[in-house]
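**Q** Have a look at this one.
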Ligand code: UVW
């Protein structure tokens, strides 16, 4: 088999940008789209679309994700704090006047405002047609071969060291970083229409919102969904109240097939939201469900089947309010992730310019 797959999952468009493509729908963010984004800049005002990276705070929102811990770099075997002053080159040459601080951070790359790479979520599917499902990602890249999991180290005493060395040899976040991620952003203000209440927004409701707000989404647009979730979270000041958060904010209905078709047909480039998953995650089902299914159907549809990157926990509230006050919904979006080879996700500091 020269191709990575004999059959692709239903609803997938593997091969659309070439069998070896690792950038998916971001291929539609072309130089022409960058110019369309730049044409939206009229005032020069910028908005930071990132939360402070130590928000949400703690691990209640997602127990698998650890907040940043920062450490000073040791110099001469001691940290600057231990020495009681900043490290200085004077320790090498008494005539040098520079004083220096360096630090190190240890955090889950998807702790706060983040990008999901196409290596973040895969699915069990029989791509090679041998009758047995294997774990595959976008364009048939395989778990274990192209995307290597961490090897568990039971002796490790901290959560970070327990699974060292996961490595995306394909589909890692560096492919998105190398694109640059600059183009036209389009705001869809769900919070304005739905309120900050838990609502799964499907195709019909979304179409009504787009029509009312005169939002047009074209091929290669980067679509931002404002739900208000990140703003509510920020107001909790790093002590998230999970019960209240779960009642807060909408998300897309990943089980609505019409909505999934629309996502493909509009040829949008990526989906970004200020909530934790873009889609509204249904809690574990208590009644038996007859078939194998994804927990996160929108993740499967976007990341696995169609190469559509997702951004989560972005901070969109101020930008959404400004756009509404100025009767606009488009802007220049600049949002590169870290160019960190092999990583499956990345913190982001996206900037909107209006
Ligand atoms: C999972 O939790 C699997 O993903 P995400 O953070 O992208 O919602």
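**Q** Looking at the stretch 245-252, can you tell me whether even one residue there is crowded, with 20+ Cβ neighbours inside 10 Å and modelled with pLDDT under 95?
**A** yes
**Q** Within the stretch 332-354, track down each residue that is in contact with a helix residue (DSSP H, G or I) (Cβ under 7 Å, 6 or more places away or on another chain) and farther than 15 Å from residue 53 by Cα.
**A** 332, 333, 336, 339, 340, 341, 352, 354
**Q** Consider residue 307 carefully, then state whether it is closer than 16 Å to residue 269 by Cβ, part of a loop (DSSP other than H, G, I, E, B), within 15 Å of the chain's Cα centre (by Cα) and in contact (Cβ under 8 Å) with a residue 60 or more places away in the chain.
**A** yes
**Q** Shifting gears a bit: Before we move on, is residue 124 within 16 Å of the ligand (Cβ to nearest atom) and more than 30 Å from residue 51 (Cβ to Cβ)?
**A** yes
**Q** So residue 72 clears everything in (1) at pLDDT below 90; (2) exposed (fewer than 15 other Cβ atoms within 10 Å of the Cβ); (3) touching a helix residue (DSSP H, G or I) at 6+ places or on another chain (Cβ under 8 Å) except one condition, right? Which one?
**A** Answer for residue 72: the failing condition is (2).
The values are calculated or read from the model by the stated rules, or taken from the named source; none is laboratory data. Note that the structure is a prediction, hence the values are computed from the model and not measured. Ideal geometry is used to build each Cβ from the backbone, glycine not excepted, and the neighbour counts take in all protein chains shown.
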